[in-house]
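Below is one structure, written out as structure tokens; the observations come after it.
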């Protein structure tokens with residue numbers, strides 16, 4: 001009965017979020033729509049559906065026909081694993097297209113409460129394997145892959161760990177993740193939201209309890225799963241993080257976010273493990289500050305950070 005109530009809430013909030021994102025997209029310049037989509041086929045389950053949304057640079061088709069391979073950014077949207085859409089980060093995709101000429105693939109992973117953990121994790125892994133398998137026809141250089149994500153998607157970017165045991169039919173050795181760009185991710189589900197909220201600089205600016213309860217109970221109904229490194233990467237063993245994460249990690253946190261402290265702690269830990277980490281705290285900003293539905297917002301404040309991240313991404317792709 002409780003799961004049904006969670007689903008009712010999720011459906012209502014999904015509708016409201018779509019209205020908010022429509023307003024968000026009104027600000028000029030308007031973000032692009034995906035050039036095309038691909039649906040990953042699953043022979044073992046006709047009901048499982050994972051749609052990949054492709055944002056492509058100019059003359060993409062022509063250059064693919066000429067044999068060009070583009071670097072690729074695989075992106076995961078936010079929404080507490082419960083809300084959101086693969087097109088929510090279209091402004092981020094627009095910046096990547098303008099600044100790096102990479103292909104952006106936004107993953108339409110399955111959402112909770114209909115599909116709790118580890119469905120989203122599994123979908124992200126299968127998305128990477130699909131791109132590796134179809135790299136030639138899609139014109140992708142899968143030796144230059146960056147992962148990005150926002151909020152829940154930032155978590156998925158970090159927990160997206162692929163090894164050769166995942167699929168015997170795909171050349172996983174050709175898949176090389178060179179960097180992660182994670183924006184205000186949740187990293188530790190073992191910490192209570194009440195504790196996070198109390199420790200925040202501006203508790204009244206954090207996400208309300210009714211939303212965080214919806215997210216956490218929808219995605220992780222089994223509390224034992226909350227300590228899994230595939231849900232809470234901050235709880236992963238050092239050797240797992242050292243082996244599975246790329247050498248370059250970019251992590252952006254918001255000053256008024258309840259997730260600020262765990263993000264900063266994770267940065268220090270990765271630095272001790274020898275990762276090249278660039279961390280940035282966005283001052284006087286709440287969680288998901290860049291997704292404001294206000295069409296009169298200061299979009300330039302967001303764009304300057306997006307462009308800065310893309311400049312770093314371009315340098316990594318060109319190495």
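Those residues that are in contact with a strand residue (DSSP E or B) (Cβ under 7 Å, 6 or more places away or on another chain) and surrounded by 14 or more Cβ atoms within 10 Å (Cβ to Cβ), I need them from segment 267-280; list them, please. Please lay out each step first, then the result.
First pass over segment 267-280, keeping only residues in contact with a strand residue (DSSP E or B) (Cβ under 7 Å, 6 or more places away or on another chain): 267, 270-271, 275-280.
Correct list: 267, 270, 275, 277, 278, 279, 280.
Considering (1) exposed (fewer than 15 other Cβ atoms within 10 Å of the Cβ); (2) part of a helix (DSSP H, G or I); (3) in contact with a helix residue (DSSP H, G or I) (Cβ under 9 Å, 6 or more places away or on another chain), say which one residue 261 fails and leave the rest.
Of (1) exposed (fewer than 15 other Cβ atoms within 10 Å of the Cβ); (2) part of a helix (DSSP H, G or I); (3) in contact with a helix residue (DSSP H, G or I) (Cβ under 9 Å, 6 or more places away or on another chain), only one is false for residue 261: (1).
Give segment 200-220 a look and list any residue that's assigned to a helix (DSSP H, G or I) and over 21 Å from residue 281 (Cα atoms), or say none.
Of segment 200-220, the ones assigned to a helix (DSSP H, G or I) are 203-205, 209-219.
If the condition is that a residue be assigned to a helix (DSSP H, G or I) and over 21 Å from residue 281 (Cα atoms), then 209, 210, 211, 212, 213, 214, 215, 216, 217, 218, 219 are the ones that fit.
Say whether the condition of being modelled with pLDDT under 95, surrounded by fewer than 19 Cβ atoms within 10 Å (Cβ to Cβ) and either within 15 Å of the chain's Cα centre (by Cα) or assigned to a helix (DSSP H, G or I) (or both) is met by at least one residue in segment 174-182.
The answer is yes; a qualifying residue exists.
Could you run through segment 1-51 and say how many residues are touching a helix residue (DSSP H, G or I) at 6+ places or on another chain (Cβ under 6 Å) and within 24 Å of residue 72 (Cα to Cα)?
4
State which residue is surrounded by the fewest Cβ atoms within 10 Å (Cβ to Cβ) when the search covers only segment 223-241 and only residues that are outside any helix (DSSP H, G or I) and in contact (Cβ under 8 Å) with a residue 12 or more places away in the chain.
In the first step, residues of segment 223-241 are kept if they are outside any helix (DSSP H, G or I); the result is 228-232, 236-237.
Narrowing further to those that are in contact (Cβ under 8 Å) with a residue 12 or more places away in the chain: 228-232.
Details: 228: 18, 229: 16, 230: 20, 231: 23, 232: 21.
Ranking the qualifying residues of segment 223-241, first place goes to 229.
Restricting attention to segment 242-258, which residues are surrounded by 17 or more Cβ atoms within 10 Å (Cβ to Cβ) and outside any helix (DSSP H, G or I)? Even if it seems obvious, please write down each step before you answer.
Initial filter on segment 242-258 (surrounded by 17 or more Cβ atoms within 10 Å (Cβ to Cβ)): 244-245, 248-254, 256-258.
If the condition is that a residue be surrounded by 17 or more Cβ atoms within 10 Å (Cβ to Cβ) and outside any helix (DSSP H, G or I), then 245, 248, 249, 250, 251, 252, 253, 254, 256, 257, 258 are the ones that fit.
The values are calculated or read from the model by the stated rules, or taken from the named source; none is laboratory data. Just so it is clear, the structure is predicted and the values come from calculations on it, not from any experiment. Because the Cβ atoms are built from the backbone with ideal geometry, glycine has one as well, and the counts that use them run over all protein chains shown.
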